[in-house]
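Single-structure report; data block below.
The values are calculated or read from the model by the stated rules, or taken from the named source; none is laboratory data. This is a predicted model, so every value here is computed, not measured. As a convention, Cβ positions derive from the backbone with ideal geometry for all residues, glycine included, and neighbour counts pool all protein chains shown.
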Amino acid sequence: MRAIYHWLFSGPLRRQLILAVATVHAVMMALLVWDLVSRQQSVVLTQQIEKARAVTNSMAVSSAGWVLARDVVGLQEIVDAQQRFPELGFAMICDVHGKVLAHTDPTRIHQDVTDLPTTPVETTLSKNPALVDVAVPVMLGQKHVGWARIGLGHDRMAAEIDAITRDGIIYIFGAVLAGSLLAALMAGRITRRLYRVKDVADLVRAGNYDQRVEVGGDDELTAVGAGLNTMLDELQRHTAELKASNEEIRTLAFYDPLTQLPNRRLLHDRLQRSRNSRSASSHHGALLFIDLDNFKNLNDTLGHDIGDLLLQECARRLQLCIREADTVARLGGDEFVIILNELAEQPDEAAMQAEAVGNKVIDELNRIYDVAGHELRSSPSIGVVVFRGHELESDELLKRADMAMYQSKAAGRNTLRFFDPAMQATVNARSEMESALLVAIQTNEFELFYQPQVDGNDHAIGAEALIRWRHPQRGMVSPAEFIPVAEESGLIVPIGHWVLREACQRLAIWANQPETAHLVLAVNVSARQFRMPTIVQEVKDLMAYTGIDPSRLKLELTEGLLLDNIDDAIDKMTQLRALGVSLALDDFGTGYSSLNYLKKLPLDQLKIDQSFVRDLLDNSEDETICRAIIALGNSLGLAVIAEGVETEAQRQFLLKQHCLLAQGYLYSRPLPENDFRDWLIRRQPQASEKVGYGGTAV
Ligand code: C2E
Ligand code: CA
Ligand code: CA
């Protein structure tokens with residue numbers, strides 16, 4: 001029972017409404033039908049009884065004489081005459097004792113009727129609607145002589161009541177159906193609007209305070225919606241206020257009000273985060289402590305307002321010097337700190353990167369300031385400390401950077417010093433080398449050496465041009481030492497141009513001599529040089545200037561040049577090849593080699609990096625890599641050359657793998673031009689004979 005109650009009056013509103021309306025309709029209609037039917041029944045019954053009485057009375061009056069005379073035939077005629085009433089059940093006439101004298105059913109004649117009243121009064125023996133049974137005494141004057149009795153059925157009445165009942169049931173169903181439909185419609189309207197309220201509530205829970213319930217009309221749901229909307233307005237206002245005050249608290253707590261830069265507290269937090277970051281264990285970070293050299297002076301002479309404006313401009317310029325992942329903070333006064341993240345894994349390289357940013361800061365802050373109509377000059381002194389992970393506490397790092405900053409003040413200001421003397425030495429050496437390289441370019445201290453490249457029959461097919469720097473004091477400087485410095489400083493562009501020109505001029509001379517006319521000269525082009533938009537034009541101009549056969553020139557490129565803008569690289573490579581120049585991918589296997597781009601590159605040759613060739617016979621992994629590169633080259637239709645071939649065993653292995661082209665000390669070291677020419681001439685008579693370690697070793 002409880003369960004039914006629960007089922008009825010809980011659950012969805014729609015069901016509750018439909019059930020309630022349907023139940024009320026059904027009960028009320030059923031009551032109405034029942035009432036109608038029973039009223040109709042009693043009316044019909046009363047009429048029936050009246051009629052039965054009238055008929056029986058007239059039968060009694062007309063039969064009195066015949067009863068006394070016992071004229072059975074006459075009586076039977078009277079009885080039969082009653083057949084004119086279609087609803088007649090029976091008609092009979094009895095004597096005073098109840099003996100049947102005439103009956104519509106002849107078999108009942110002469111039988112005795114026992115249920116007659118004992119006194120001669122008109123009596124209704126049965127009010128059963130199925131059969132109204134009325135007995136009337138037959139009187140002759142004052143004398144009671146017999147009974148007239150009639151039973152009237154109610155066929156018509158029953159049919160009429162049945163019809164009323166049937167119609168009633170139809171009306172009940174109709175009412176229930178119409179009621180339910182109406183209830184469903186109303187429920188739909190109500191619940192739809194309720195769901196709209198709920199949807200808004202859900203959105204608010206998800207943090208969206210902008211939604212509102214649509215209101216229109218003047219019912220209770222509209223009032224609820226309007227109430228909710230007002231509540232949301234209020235909530236939104238509160239949240240906005242809360243956010244604003246949170247933001248304000250945060251700004252006050254973590255930012256410097258003058259420059260809007262992070263303050264000391266946030267700096268510590270960021271430094272902590274930088275040391276905890278995922279890459280912090282392998283990558284270096286750096287802290288740059290920056291102090292303005294003459295700020296106190298400016299502040300005292302021009303006033304604090306000007307000083308403040310200058311600091312704001314400094315803050316703006318400092319932000320231009322860093323990447324998004326880095327942080328500039330103001331410690332207070334004229335002291336700023338920069339945190340650099342994600343520097344190189346190698347400490348020396350990281351020092352270079354930090355120095356590069358430091359130099360950028362020096363350049364930026366040295367630019368003339370235009371502050372409130374004053375043209376001001378300022379310069380920074382910078383202390384740098386390079387760190388990795390948690391080796392040192394944050395405070396210690398700041399202290400060291402601060403100490404280094406004092407060293408740069410001591411060194412004459414407007415400069416940068418590392419806390420670590422070894423790093424300082426590296427950086428010094430670098431910048432010394434940079435200046436020396438600049439001089440070398442101007443005074444032409446470079447030379448090209450040539451290292452032969454041979455085919456499977458050990459015939460020289462060409463050479464690689466390798467730069468040498470004859471330093472006036474230091475003697476020969478290895479390209480491995482100065483090329484990276486040249487790359488970083490951008491000096492590689494003029495140096496690379498010199499190499500290309502020299503190589504083309506050499507090719508032009510070779511073209512005129514039988515022993516060199518067939519040689520292909522390979523020239524290294526660095527990534528930075530290749531990225532110059534003028535590189536293709538440069539090659540074109542050199543070819544026009546020297547008149548060389550382009551197929552004699554080969555450019556050795558590295559995968560590094562694909563990193564930046566692969567489409568641009570492919571475009572330039574395509575243009576170069578269209579000129580007739582061939583292209584080799586140098587140091588192959590050490591870079592970011594991916595088959596995807598390799599397929600797209602317009603290449604002629606892969607050059608297996610010497611690191612794989614070196615341990616070819618001792619290291620099975622290197623052996624596998626060599627095999628794979630050779631197979632890859634073959635399948636892409638590229639020639640494969642091995643560099644750094646030093647031993648006969650390596651040569652044999654490579655030949656067996658069908659890598660026919662080779663370069664290495666086994667054949668010759670890189671040689672000055674005249675030694676290279678001697679080497680060629682010496683080998684010419686017996687092509688199959690191998691000459692190792694000839695010429696001037698470098
Ligand atoms: P690289 O392009 O991989 O050049 C090959 C280097 O391996 C050369 O060193 C060469 O002397 C050395 N090498 C050749 N055969 C053998 C061998 O059998 N065993 C050993 N251990 N080494 C061998 P190098 O001349 O010192 O050049 C070093 C790197 O400097 C070059 O590597 C190249 O990346 C760069 N470089 C040299 N000249 C130029 C140049 O003109 N332009 C540019 N951009 N880079 C250059
Ligand atoms: Ca090379
Ligand atoms: Ca190489």
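Before moving on, here are some points about what is shown:
- Taken over the range 284-305, residues that are surrounded by fewer than 18 Cβ atoms within 10 Å (Cβ to Cβ) and either assigned to a strand (DSSP E or B) or not β-branched (Val, Ile, Thr) (or both) amount to 8.
- Taking each residue of the range 472-491 that is assigned by TED's automatic domain parsing to the domain that holds PHE446 and looking for partners that are surrounded by 11 or more Cβ atoms within 10 Å (Cβ to Cβ) and at pLDDT below 90 with beta-carbon atoms closer than 6 Å, six or more apart or interchain, yields VAL485/ARG430.
- All conditions but one from (1) among the hydroxyl-bearing types (Ser, Thr, Tyr); (2) away from ligand 2 (no atom under 16 Å from the Cβ); (3) surrounded by 13 or more Cβ atoms within 10 Å (Cβ to Cβ); (4) modelled with pLDDT of 95 or more apply to TYR450; the one that does not is (2).
- Failed criterion for GLY591 (all others in (1) part of a helix (DSSP H, G or I); (2) small (Gly, Ala, Ser); (3) assigned by TED's automatic domain parsing to the domain that holds ASN457 hold): (1)
- Candidate set from the range 515-568 (those that are of a type in the set (Lys, Arg) and under 24 Å from LYS607 (Cα atoms)); member that is nearest to ligand 3 (Cβ to nearest atom): LYS554
- Number of residues in the range 572-620 that are of a type in the set (A, V, I, L, M) and more than 15 Å from ligand 2 (Cβ to nearest atom) equals 10.
Yes or no, residue by residue, for (1) more than 21 Å from ALA503 (Cβ to Cβ); (2) among the aromatic types (Phe, Trp, Tyr); (3) not assigned by TED's automatic domain parsing to the domain that holds LYS554:
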position	(1), (2), (3)
ARG577	no, no, no
TYR597	yes, yes, no
LYS600	yes, no, no
GLU623	yes, no, yes
ILE629	yes, no, yes
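- Here the condition is being more than 49 Å from the chain's Cα centre (by Cα), assigned by TED's automatic domain parsing to the domain that holds ARG552 and not charged (D, E, K, R); of ALA522, ALA508, it holds for ALA508 alone.
- Residue tally, condition modelled with pLDDT of 95 or more, under 25 Å from VAL493 (Cβ atoms) and within 16 Å of ligand 2 (Cβ to nearest atom), over the range 455-478: 6
- Whichever residue in the range 561-603 is of a type in the set (Ser, Thr, Tyr) and either within 13 Å of ligand 1 (Cβ to nearest atom) or within 15 Å of VAL536 (Cβ to Cβ) (or both) and, among such residues, is surrounded by the most Cβ atoms within 10 Å (Cβ to Cβ): SER582
- When the range 481-512 is filtered for residues that are crowded, with 21+ Cβ neighbours inside 10 Å and farther than 18 Å from LEU555 by Cβ, only PHE482 remains.
- Those helices (runs of 4 or more DSSP H) of the range 1-115 in which at least 1 residues are within 60 Å of the chain's Cα centre (by Cα) and charged (D, E, K, R), considering only elements entirely within it, cover 2-9, 13-68.
- Once the range 451-473 is narrowed to residues that are of a type in the set (A, V, I, L, M, F, W, C) and under 57 Å from the mean Cα position of the chain (by Cα), the residue that is nearest to ligand 3 (Cβ to nearest atom) is LEU466.
- Residue pairs meeting the criteria (Cβ under 6 Å; at least 6 apart or on separate chains; first of a type in the set (Gly, Ala, Ser), in the range 533-553; second at pLDDT 95 or above and surrounded by fewer than 17 Cβ atoms within 10 Å (Cβ to Cβ)): SER551/GLY580
- Test: residue in the range 208-231 that is in a loop (DSSP other than H, G, I, E, B), β-branched (Val, Ile, Thr) and within 30 Å of LEU331 (Cα to Cα): no
- Being closer than 24 Å to LEU521 by Cα and either modelled with pLDDT under 95 or within 16 Å of ligand 1 (Cβ to nearest atom) (or both) is true of LEU666.
- Elements of type helices (runs of 4 or more DSSP H) in the range 474-560, at least 1 residues being within 14 Å of MET573 (Cα to Cα), out of contact with any His (no Cβ under 8 Å at 6 or more places or on another chain) and within 16 Å of ligand 1 (Cβ to nearest atom): 527-531, 535-546
- Test: ARG400 is touching a helix residue (DSSP H, G or I) at 6+ places or on another chain (Cβ under 7 Å) and surrounded by 12 or more Cβ atoms within 10 Å (Cβ to Cβ): no
- Flag if PRO347 is buried (at least 23 other Cβ atoms within 10 Å of the Cβ), under 23 Å from ASP420 (Cα atoms) and touching a strand residue (DSSP E or B) at 6+ places or on another chain (Cβ under 8 Å): no
- The set of residues in the range 630-654 being farther than 29 Å from ARG468 by Cβ, of a type in the set (A, V, I, L, M, F, W, C) and within 16 Å of ligand 1 (Cβ to nearest atom) consists of ALA649, PHE653.
- Residues of the range 595-628 that are basic (Lys, Arg), within 16 Å of ligand 3 (Cβ to nearest atom) and more than 17 Å from HIS658 (Cβ to Cβ): ARG614 alone.
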